1. Does residue 43 satisfy the condition of being more than 24 Å from residue 8 (Cβ to Cβ), of a type in the set (Gly, Ala, Ser), in a helix (DSSP H, G or I) and at pLDDT 90 or above?
2. What pairs can you find where one residue is in region 1-28 and of a type outside the set (Asp, Glu), the other is at pLDDT 90 or above, and their Cβ atoms are less than 6 Å apart, with a gap of 6+ or different chains?
3. Collect the residues in region 37-89 that are of a type in the set (Ser, Thr, Tyr) and open to solvent by less than 90 Å² (accessible area, probe 1.4 Å), keeping them in residue-number order.
Amino acid sequence: MSEHRVPSNRYFLVLLGWLAFIGVLAFTVGVQPAMYTLAGSLAVLALIRLAVPNADIPFIRSRAFDVLTLLALAVILGYFANWGDTPAL
């Protein structure tokens with residue numbers, strides 16, 4: 001019997017690479033563009049979650065919960081991105 005991981009290791013490598021990209025973006029360009037990029041990627045993930053059939057994703061939570069959570073996090077990050085470059089007092 002072969003081992004079949006769900007999600008696959010490739011998923012974790014892509015996620016790690018994207019988070020590393022966001023970190024490099026935050027240090028090189030600024031926190032505000034990095035937060036907008038992260039918020040945008042969460043919104044794209046929500047749209048992908050809406051488009052992917054239920055049979056392709058293991059059922060852990062409902063599709064509506066996943067989409068609403070991703071969109072809420074995207075809106076919150078987009079809102080707080082305005083203060084990303086604010087100097088500490």
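1. Values: more than 24 Å from residue 8 (Cβ to Cβ): no; of a type in the set (Gly, Ala, Ser): yes; in a helix (DSSP H, G or I): yes; at pLDDT 90 or above: yes.
Judged against the criteria, residue 43 is not a match.
2. Hits for this filter: 22/34; 22/38; 25/34; 26/34.
3. Those that are of a type in the set (Ser, Thr, Tyr) and open to solvent by less than 90 Å² (accessible area, probe 1.4 Å): 37, 41, 62, 69, 86.
The values are calculated or read from the model by the stated rules, or taken from the named source; none is laboratory data. Computed from a prediction, not measured in an experiment: that's the story for all the values here. Note that we place each Cβ from the backbone using ideal geometry, even for glycine, and neighbour counts take in every protein chain shown. Just so you know, the surface numbers come from the protein's heavy atoms only, side chains and all, with ligands and any DNA or RNA stripped out. Shrake-Rupley method; radii C 1.70, N 1.55, O 1.52, S 1.80 Å.
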